[in-house]
Amino acid sequence: MQPLVTKDELLKVPYSRMRLDPDNERTDLGPIEWLINNIRNEGVKEPLWGYKGVDETRKECYFVVNGSRRFAALKVIYESGKGIDVIAPFKTFNPDKVNKEQRIIERLIRNEGLPYSRLEKSSSIGKLSAYGWSNQKIAEQLSMSITWVTDTLLLHSAPQRLKNIIAAKELSASLAIDMMKKGEVDPFLAQYSNGQYMQPEEGGTAIVNPATETAQNGTGVEAIVAPQVRNKTNKITKKDINGLSSVKEFKNFARHADHTKMSAGKEYYFGFLCKFVNNELTYEQISDFFTV
């Protein structure tokens, strides 16, 4: 495919005169520590790409259309307290000759660093669709299949709550698309809000905090205290969504169960099951439970 921009002017632009293009869809910068150190030591090697304009203060500047990670690294260097205004190579185009639709295509094609995520691409493709581009035209410009474009547009229409889960890297974009096709998004979000997919920290306690003090009722049953779960999940898989796991269901129940409202016998069984699913019982303890 021939590039949309054929006449580039290579300039040297200081970071202080750069601004990030408002239409840039990049949200996940990925790890940029190496990039920061590399720029500090060797400068910017790959030119940024954008156009000359004026910012909201009417100050002349250069808007970065492609190169958001390099721009972010330059910002860290500039704001690190030393005020180092790195001068970087910058390729410009005439904004009067390259419209916003063409800039989106160029940004996706020109990206030579961290690939855009499917979620970020869905935002770009959503804009092209809003400009009246057909799925076939988008597919041709990006050298992708029409099915891929259609699915990516479907992702663009996903509820923001689902997009947030994808952005947090707890759910893959492809699995989210599959759920949208099957009408499974609302049940999934309800289960997610209810803690269905929360997992314990590796090596930690999933449901109960081991306690040695006896319960206040004097029965000698070990006290069962509030669960401790982590604030993030492992990446949710298709098996998690489609498969029924009684252990997982019990863990979900146990997180919200009020053992104080259980009879002494049920509380005793509840405590045993909590220890069982947490892998806290030896063979002898299990044997004693069923034989004593």
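The residue that is farthest from L20 (Cα to Cα), among those in the stretch 75-124 that are of a type in the set (S, T, N, Q) and without any contact (Cβ under 8 Å) to a residue 40 or more places away in the chain, is S80. Flag set for E46, criterion: exposed (fewer than 15 other Cβ atoms within 10 Å of the Cβ) and touching an Asp or Glu at 6+ places or on another chain (Cβ under 8 Å).
Against the list (1) outside any helix (DSSP H, G or I); (2) at pLDDT 90 or above; (3) surrounded by fewer than 18 Cβ atoms within 10 Å (Cβ to Cβ); (4) out of contact with any Leu (no Cβ under 8 Å at 6 or more places or on another chain), the condition P115 fails is (2).
Annotation: of all residues in the stretch 255-275 being among the hydrophobic types (A, V, I, L, M, F, W, C) and at pLDDT 85 or above, the one that is farthest from Q196 (Cα to Cα) is F272. Looking only at the stretch 128-139, decide whether some residue is more than 24 Å from the chain's Cα centre (by Cα), farther than 27 Å from L35 by Cβ and among the charged types (D, E, K, R). Yes: one or more hits. Out of R19, R58, one residue alone is modelled with pLDDT of 85 or more and under 22 Å from Q102 (Cα atoms). It is R19. Got at least one residue in the stretch 126-141 being within 30 Å of S16 (Cβ to Cβ) and either assigned to a helix (DSSP H, G or I) or not polar (S, T, N, Q) (or both)? Within the stretch 126-141, one or more residues are within 30 Å of S16 (Cβ to Cβ) and either assigned to a helix (DSSP H, G or I) or not polar (S, T, N, Q) (or both).
Pairs linking a residue in the stretch 53-65 that is assigned by TED's automatic domain parsing to the domain that holds N94 to a residue that is in a loop (DSSP other than H, G, I, E, B), with Cβ atoms under 6 Å and 6 or more positions apart or on different chains, are C61/D55; F63/D21; V64/D21; V65/D21. The residues listed here are N252, N278; of these, the one that is polar (S, T, N, Q) and either modelled with pLDDT under 80 or loosely packed, with under 13 Cβ neighbours inside 10 Å (or both) is N252. Determine whether the stretch 76-84 contains at least one residue that is modelled with pLDDT under 90 and surrounded by 13 or more Cβ atoms within 10 Å (Cβ to Cβ). Checking the stretch 76-84: at least one residue is modelled with pLDDT under 90 and surrounded by 13 or more Cβ atoms within 10 Å (Cβ to Cβ).
The values are calculated or read from the model by the stated rules, or taken from the named source; none is laboratory data. Since we're looking at a predicted model, the values are computed, not measured. So basically every Cβ, Gly included, is an ideal-geometry build from the backbone, and we count neighbours across all protein chains shown.
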